[in-house]
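A.B. asks: Have a look at this one.
No lab work stands behind these numbers, since they all come straight from the coordinates. Worth saying up front: this structure is predicted, and the values here are computed from it rather than measured. Neighbour counts run over all protein chains shown; Cβ positions are idealised from the backbone, glycine included.
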Amino acid sequence: MSIEKALLTRSGSKCELCGATGSLGVYEVPPDSENDADKCVLICESCREQIEQPERVDANHWRCLNDSMWSQVPAVQVIAWRMLTRLSAEGWPQELLDMLYLDDEILTWAQAEGVGGDDSVRHLDSNGAVLEAGDTVTLIKDLNVKGANFTAKRGTAVRGISLVVDNPEHIEGRVEGQRIIILTKFVKKTG
Ligand SMILES: [Zn+2]
């Protein structure tokens with residue numbers, strides 16, 4: 001069975017992200033490009049354009065992920081995670097991301113590729129060290145957390161940070177149970 005046929009069957013001949021039925025095509029989820037339906041999704045032209053050209057993204061289109069992120073298909077979960085991460089500054093995608101639980105293996109896959117389609121963005125800490133998703137950082141000053149009504153104290157360790165892809169000066173991490181955005185200039189990489 002060809003990949004396209006397998007995907008048409010799996011998806012019920014619909015875009016696996018937004019449910020559209022027109023102009024569907026196979027999309028190989030980077031970085032893998034194996035000849036394997038499990039590594040591909042069937043998506044419509046509109047989804048494909050926005051995945052491949054971040055500057056053309058229409059955030060509202062991606063409200064479809066509200067449903068499709070619950071797909072049992074790992075490749076769909078990966079795309080959902082990447083698009084929600086890319087759009088997290090909108091607010092609602094971050095809320096969905098917080099609910100989206102990926103198995104470790106799938107999360108590693110999701111993080112394997114820069115979600116903005118541009119790997120040249122580097123996140124540097126206050127010493128100029130390159131930060132990567134999953135790193136531990138320490139706050140080098142007290143930070144007032146906007147909207148959360150607490151101060152993240154200097155010296156607080158933030159484990160398992162994630163990088164805000166569109167903004168090299170922002171990372172995200174959990175402090176006192178809350179997921180917050182932190183400026184890279186206020187952290188030091190410790191692990
Ligand atoms: Zn679509």
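A.B. asks: Taking loop as defined by DSSP and a crowding limit of 16 other beta carbons within 10 Å, which chymotrypsin sites (Phe, Trp or Tyr not before Pro) in the stretch 29-86 fit? Intermediate values should be presented prior to the final figure.
C.D. replies: Details: sites: TRP62, TRP70, TRP81; in loops: TRP70.
Those that pass, being in a loop and sparsely packed, are TRP70.
A.B. asks: Between GLN94 and LEU183, 0.36 nm times their residue separation minus their Cα-Cα distance comes to what?
C.D. replies: Gain on stretching GLN94 to LEU183: 30.3 nm.
A.B. asks: On to the next question. Under a cut-off of 18 Å between alpha-carbon atoms, report the lysines in cross-link reach of LYS39, not counting same-chain residues fewer than 8 places apart.
C.D. replies: The reachable lysines, counting only those whose Cα sits under 18 Å from LYS39, are LYS5, LYS14.
A.B. asks: Among rounded, prolate and oblate, which fits the stretch 86-191 when a ≥ b ≥ c are the square roots of the eigenvalues of its C-alpha gyration tensor, a/c under 1.5 means rounded, and a/b larger than b/c means prolate?
C.D. replies: Oblate, because a/c is 1.5 or more while a/b does not exceed b/c.
A.B. asks: How about the chain: what cysteines have no other cysteine beta carbon under 4.7 Å from their own?
C.D. replies: That list is CYS40, CYS47.
A.B. asks: Okay, next question. Would you compute, from DSSP H runs of 4+ residues alone, the mean residue ellipticity of the chain at 222 nm, taking -39500 (n - 2.57) per run and dividing by the full residue count, rounded to the nearest 500?
C.D. replies: Counting only the DSSP helices, I get -7000 deg cm²/dmol.
A.B. asks: Please report the base-10 log of the normalised intensity I(q)/I(0) for the chain, using a Debye sum with one equal scatterer per alpha carbon and no solvent, at each q in 0.10, 0.12, 0.14 (1/Å).
C.D. replies: Values, matching the q order: -0.44, -0.61, -0.80.
A.B. asks: Compute the label zone of GLU49 within the stretch 1-27: residues whose backbone N is under 13 Å from the point 7 Å along Cα-to-Cβ.
C.D. replies: Zone members listed by number: 23.
A.B. asks: Can you tell me which lysines have their Cα less than 20 Å from the Cα of LYS189? Leave out same-chain residues fewer than eight positions away.
C.D. replies: LYS141, LYS153
A.B. asks: Would you report the distance distribution of C-alpha pairs in the stretch 134-191 as whole percents per 10 angstrom bin, up to the bin with the largest distance?
C.D. replies: 25, 63, 12
A.B. asks: Counting alpha carbon pairs within less than 8 Å and at least 6 residues apart, what relative contact order, in whole percent, applies to the stretch 59-191?
C.D. replies: It rounds to 21 percent for the stretch 59-191.
A.B. asks: Using per-residue counts of other Cβ atoms within 10 Å, averaged over each peptide, order 185-191, 36-42 from highest down.
C.D. replies: Final packing ranking: 36-42, 185-191.
A.B. asks: Please say if the stretch 2-66 is rounded, prolate or oblate, where rounded means a/c under 1.5 for a ≥ b ≥ c the square roots of the C-alpha gyration tensor eigenvalues, and otherwise the choice is prolate for a/b larger than b/c and oblate otherwise?
C.D. replies: Note, shape of the stretch 2-66 comes out oblate.
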